């Protein structure tokens, strides 16, 4: 079976790279010798890391090669991740929404089947974006989404062919491999604090920065009350490193914090988070990693996809919308969880197993419809 994969791959975003790794690993486990080709911004690295074929995904070059891949594939997997959204500037064929839908259109021109795979949809706010969705998203042969919010949004956008099936983010079926590179990269003194590490995942968010102060204040309070050592996990390279440094700069006890320094794989970040007592995070896939490892977490939601997971895990009452962070309450909630981790871990174990089964449903549906 020949499969083309289209997503935000090869750009250094840990969440998207985790999606890619989970898809490839599970396809290899479930299908007999699948021929996988990834549309990637860094095809050489993608090919080397995952032992698959890869072509350059942007329009600047290798367009003939992209067409050839789409023409020869039995199915195009579009996703997973939050591909179909117009939060970022969208003009004609530029921006995530027109790009991914144009790839779908080209696949259909080549008479190749299309599956929207474990996607998180939206936001889609512009009239142009809504028209693109009505016109091109209905071309898909099979649609799975990772949450009910995405299904409801597709219905409101009049994307009704075929029926949308709610599954779960494929990363819940991520195949963890032993690797402690992140922990070994910590400054030597930090290795003595292994039992006191709290993971923190922050990101920039469209010019807003008052939440940096609130997170900084809450971490200071937590350090004083629980003697923890926060370690920032930059899920998207330099962008998250800058955000992490901003939080630390505003802290009284910033010297009791550090940032993971290096280019780490999703599997390495996952293994690090597994060794922490608590994760306080904005990035969805940092929270998913914590779920997989049964690590209690507090989320800061900038998007319904984050809120949806936290509610599923029974941790929304401890979490916050980005605009509603209360630094004192955040510190209190973290303190409460740290004093009752056994119950939280037990609940997360049940949730993670359920979500893993739902994630694997994406693979089962692909086999049922296209194999």
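The values are calculated or read from the model by the stated rules, or taken from the named source; none is laboratory data. Source: prediction; values computed, not measured. In this analysis, Cβ positions are derived from the backbone assuming ideal geometry, glycine residues included, and neighbour counts consider all displayed protein chains.
For the criterion of being closer than 21 Å to residue 234 by Cβ, assigned to a strand (DSSP E or B) and under 18 Å from the mean Cα position of the chain (by Cα), residue 279 passes.
Based on what the data block shows, is residue 13 farther than 22 Å from residue 121 by Cα and not assigned by TED's automatic domain parsing to the domain that holds residue 286? No: the conditions fail for residue 13. Hey, can you tell me all the residues within the stretch 86-100 that are on the phi < 0 side of the Ramachandran plot and surrounded by fewer than 22 Cβ atoms within 10 Å (Cβ to Cβ)? If the condition is that a residue be on the phi < 0 side of the Ramachandran plot and surrounded by fewer than 22 Cβ atoms within 10 Å (Cβ to Cβ), then 86, 87, 88, 89, 90, 91, 93, 94, 96, 98, 99 are the ones that fit.
Looking across 288, 223, 280, one residue alone is at pLDDT 95 or above and closer than 17 Å to residue 21 by Cα. It is 288.
Restricting the stretch 135-149 to residues that are surrounded by 22 or more Cβ atoms within 10 Å (Cβ to Cβ) and in contact (Cβ under 8 Å) with a residue 40 or more places away in the chain, which is farthest from residue 110 (Cα to Cα)?
Going through the stretch 135-149, the residues surrounded by 22 or more Cβ atoms within 10 Å (Cβ to Cβ) turn out to be 137, 140, 143-147.
Pick out the ones that are also in contact (Cβ under 8 Å) with a residue 40 or more places away in the chain and you get 137, 140, 144, 146-147.
On the way: 137: 16, 140: 13, 144: 22, 146: 27, 147: 30 Å.
That would be 147.
Is it true that some residue in the stretch 304-318 is surrounded by fewer than 18 Cβ atoms within 10 Å (Cβ to Cβ), in contact with a strand residue (DSSP E or B) (Cβ under 7 Å, 6 or more places away or on another chain), on the phi < 0 side of the Ramachandran plot and free of Cβ contacts under 8 Å to residues at least 40 places away in the same chain? The answer is no; no qualifying residue exists.
Might you check whether a residue that is assigned to a loop (DSSP other than H, G, I, E, B) and under 17 Å from the mean Cα position of the chain (by Cα) occurs anywhere in the stretch 90-108? Explain how you work it out, then say what you get.
Going through the stretch 90-108, the residues assigned to a loop (DSSP other than H, G, I, E, B) turn out to be 90, 92-93, 95.
Narrowing further to those that are under 17 Å from the mean Cα position of the chain (by Cα): none.
Looking for residues that are assigned to a loop (DSSP other than H, G, I, E, B) and under 17 Å from the mean Cα position of the chain (by Cα), one finds none in the stretch 90-108, hence no.
Can you tell me which residue within the stretch 201-243, out of those that are part of a helix (DSSP H, G or I) and under 18 Å from the mean Cα position of the chain (by Cα), is surrounded by the fewest Cβ atoms within 10 Å (Cβ to Cβ)? Only one residue tops the list, namely 238. Of all residue pairs spaced 6 or more apart or on separate chains, those with beta-carbon atoms under 6 Å, a first member in the stretch 319-341 that is within 22 Å of residue 209 (Cα to Cα) and in the same structural domain as residue 305 (by TED's automatic domain parsing) and a second member that is at pLDDT below 95 and buried (at least 16 other Cβ atoms within 10 Å of the Cβ) are 322/302.
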